[in-house]
Number of protein chains: 2
Amino acid sequence: MRLFRERGYARTTMRAIAQEAGVAVGNAYYYFGSKEHLIQEFYAGTQHEHRAAAAPTLARERDFAARLAGVLHAGVDVLTPYHSFAATFFKTAAEPTSPLSPFSSESSEPREASIALFREVLEGSTARVDAELRPALPELLWLAYMGVVLYWVHDRSPAQVKTRQLIDGAVPLVDRLVGLSRLRVLRPVTRQVITLIHTLRH
Amino acid sequence: MRLFRERGYARTTMRAIAQEAGVAVGNAYYYFGSKEHLIQEFYAGTQHEHRAAAAPTLARERDFAARLAGVLHAGVDVLTPYHSFAATFFKTAAEPTSPLSPFSSESSEPREASIALFREVLEGSTARVDAELRPALPELLWLAYMGVVLYWVHDRSPAQVKTRQLIDGAVPLVDRLVGLSRLRVLRPVTRQVITLIHTLRH
DNA sequence: CGCCCTTCTTGAACGCGTTCAAATCGAGGT
DNA sequence: ACCTCGATTTGAACGCGTTCAAGAAGGGCG
């Protein structure tokens, strides 16, 4: 039954999944509460793969921008084989009540894991960040990643090359903004961003 | 049949809609290509309402922040009666191939209309904006609005008061960023943002 | 008037995700 | 060997969005 999951991903219906596994439809539901749980497993899998795929870059690079780019590109690398799958996945995740929604309480563990990855980007880097912003930055980076994924899902260019370009364009911008966050002129902005993050949280 | 649409909104199934209107299910499909088209009509309706609800503020205020806050709050005002409906709507809109997706080519007209509203926020205001950023700013403001709507959909606080707080927190931040955009130190940032917007577009 | 065409209406049926009562299987105990 | 219990399996059925062949009604033309 372990193989049940891997084989199912290429299919889109529970009936096809059940048929592929040589069982009845009801049996598929016995092992997985729903199709959504199947997708959830898939999601958790890609999270782990993302961390693994990002590890070489994180071990090698100290520069914040390089680390961030590495992690973002790794994320897209991991997701790419499933692009044809993405629309379905995204639609499911978009349900505000879905445990798959990036913003749901059920997703807090995967979300925290993802945010932790971005925390690692930051902590292993030489970036100098405003002291107040620093704890909030991983979450902001995660939100940026969510934006990238959103774009990726909609990206119809060959091999989602546009998403790659977006990353390559966004990383230097984020890098620069992070660098500027300690600037005296921008301290009120930094403060406001932090306040906003707190609003978002509670 | 004109009333068909209004009555249908409170229901969630085509069967209930058809029953409510005293016709057969197939007949509902005769008049509307799909449930999605029904939702599309609803969406177009809220767009018009948004513009109307924002008009007093736009007529009265010259201050950029006040105008922006007025438009954002008006948007939430218009959507509020439908919050119980929002999850369904949002899930439909999240389908990348859906004509309802804010990012789809089919939605270009409603999107342009919405962006035009934010352009009006800008043009009727006293804000001084970087000359290069100015043409791109309405779209950025629209994206911010999309973020607010995203938050609103997920907001379970009473009367979505959290979303109101988010707006009240975000507006001064946007205002300040817009004001800073002409700063010499930030010109590279401004340039990068504009480049990024172009990446997003093509 | 009859025929043809267009428009509108119907309801059974399709595939989807899901449910659940009934049946089967296997292990342990007497 | 039989019984009990828990685990596993089954497939019909449910509601959902949607489709579509067939039927009904109305209008125009010969």
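Only the coordinates and a few stated rules stand behind these numbers; no lab work does. This structure is a prediction, so every number in the text was calculated from the model and none was measured. Cβ placement follows ideal geometry from the backbone for every residue including glycine, while neighbour counts extend to all protein chains displayed.
General observations
- Chain B: most fluctuating residue of B:190, B:13, B:80 per GNM, C-alpha cutoff 10 Å: B:13
- In region A:101-202, the GluC sites (Glu not before Pro) that fall in loop regions by DSSP, at most 16 other Cβ within 10 Å: A:106, A:132
- Inverse of mean 1/r across different Cα pairs in region B:93-202, Kirkwood, Å: 15.4
- The slack in the chain from residue B:44 to residue B:146, taken as 0.36 nm per residue of separation less the alpha-carbon distance, amounts to 35.2 nm.
- Inter-label distance, residue A:52 to residue A:24: 3.6 nm, where each label sits 7 Å from its Cα along the C-beta direction.
- When the convex hull of its Cα atoms is viewed from all sides, region A:1-151 shows a mean projected area of 9.5 nm².
- Translational diffusion coefficient (Stokes-Einstein; Kirkwood radius from C-alpha pairs) of the protein assembly as shown at 25 °C, 0.890 mPa s, in µm²/s: 106
- Going by neighbour counts of Cβ atoms within 10 Å, the residues B:197, A:39 line up, fewest first, as B:197, A:39.
- Over region A:17-74, the hull volume per residue, using the convex hull of the C-alpha atoms, is 88 Å³.
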